[in-house]
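Engineer: Structure provided below as structure tokens; questions to follow.
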Amino acid sequence: MPSSMIAFFTTWAENDATKRAEVLKDVMAKDFTYCDPNAPDVIADLDALNSYIGMFTQYAPGASASVVNTSETKGHHRVTVAFRMADGKEQLGQYFVELDADGRATRMVGFAGLGEPE
């Protein structure tokens, strides 16, 4: 399990923007892209990513995100994340992640759910 992804999703429960920024600087590559179903656009800037994650802590106080499973195929990672609300409700999502040689994310694409057949 890539430790950078564990650290990345830990920031989703961090209220302090400075602390989030420190972690993001360590886990994201200099050049990266991030997108998920709730992001209005693709994010490619650390400050914008920090602000985006900060919205989660603002709108879902007491919520957290944690990696619950990972798999890897030839350097491409699938990360399953549990987003847990303060009231106990949980939503799972999956991210497809590419890492550089230092284990920093260069590309993250998130999806709601696990891709179950309808």
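Engineer: Just the Kirkwood number for the chain, please: inverse of mean 1/r across all distinct Cα pairs, in Å, one decimal.
Structural biologist: 14.3 Å
Engineer: Select from TYR52, GLY75, VAL109 the residue farthest towards the positive end of the dipole of region 43-118; place +1 on Cβ of Lys and Arg, -1 on Cβ of Asp and Glu, and compute about the Cα centre.
Structural biologist: Going by the charge dipole, the pick is GLY75.
Engineer: Same structure again: Pulled fully out, how much extra length does the chain show between GLU72 and LYS89, if you take 0.36 nm times their separation in residues and subtract their Cα-Cα distance?
Structural biologist: Values: separation 17, 0.36 × 17 = 6.12 nm, distance 2.79 nm.
Here the segment from GLU72 to LYS89 would lengthen by 3.3 nm.
Engineer: If you don't mind, there's one more thing I want to ask. Tell me the per residue accessible area of the chain using a 1.4 Å probe; a whole number in Å² is fine.
Structural biologist: Ligands and nucleic acids excluded, the figure is 59 Å² per residue.
Engineer: While we're here: Could you run the Debye sum over the Cα atoms of region 28-69, one equal point scatterer each and no solvent, and tell me log10 of I(q)/I(0) at q = 0.16, 0.19, 0.32 Å⁻¹, two decimals?
Structural biologist: Here the Debye-derived log intensity ratios amount to -0.48, -0.67, -1.13.
Engineer: Over region 1-43, with every protein chain in place, what whole percent of the accessible area is carbon and sulfur at 1.4 Å, could you tell me?
Structural biologist: Answer for region 1-43: carbon and sulfur cover 51 percent of the accessible area.
Engineer: Determine Rg/Rh for region 52-118; Rg is computed over alpha-carbon atoms and Rh is the Kirkwood hydrodynamic estimate from the same atoms.
Structural biologist: Taking Rh as the inverse mean 1/r over Cα pairs, Rg/Rh reads 1.02.
Engineer: Counting only other residues whose beta carbon sits under 9 Å from that of MET108, what net charge do I get with K and R as +1, D and E as -1?
Structural biologist: So the environment of MET108 carries a net charge of -1.
Engineer: May I ask for the net charge around ASP31, where only other residues with Cβ less than 11 Å from the Cβ of ASP31 are counted and Lys, Arg are +1 while Asp, Glu are -1?
Structural biologist: Residues near ASP31 contribute +1 overall.
Engineer: Taking the DSSP beta bridges in the chain as the whole, what percent of them are antiparallel, to the nearest 5? Mind dumping the intermediate values first?
Structural biologist: Working: 26 of 30 bridges.
Antiparallel: roughly 85 percent of the beta bridges in the chain.
Engineer: Of all the accessible heavy-atom surface of region 73-118, with the other protein chains kept in place and a 1.4 Å probe, what percent is carbon and sulfur?
Structural biologist: Looking at region 73-118 in its full context, I get 50 percent from C and S.
Engineer: Where in the chain are the DSSP H helices whose C-alpha atoms run 18 Å or more along the long axis and whose mean Kyte hydropathy is at least -1.0? List each step's numbers first, then the result.
Structural biologist: Numbers: long enough: 46-59 (20 Å, 0.26).
Span-like helices in the chain: 46-59.
The values are calculated or read from the model by the stated rules, or taken from the named source; none is laboratory data. Keep in mind the model is a prediction, meaning the values are calculated, not measured. Every residue, glycine among them, receives a Cβ derived from its backbone with ideal geometry; neighbour counts consider all protein chains shown. Remember, those area values only see protein heavy atoms, side chains included, never the ligands or the DNA or RNA. Shrake-Rupley method; radii C 1.70, N 1.55, O 1.52, S 1.80 Å.
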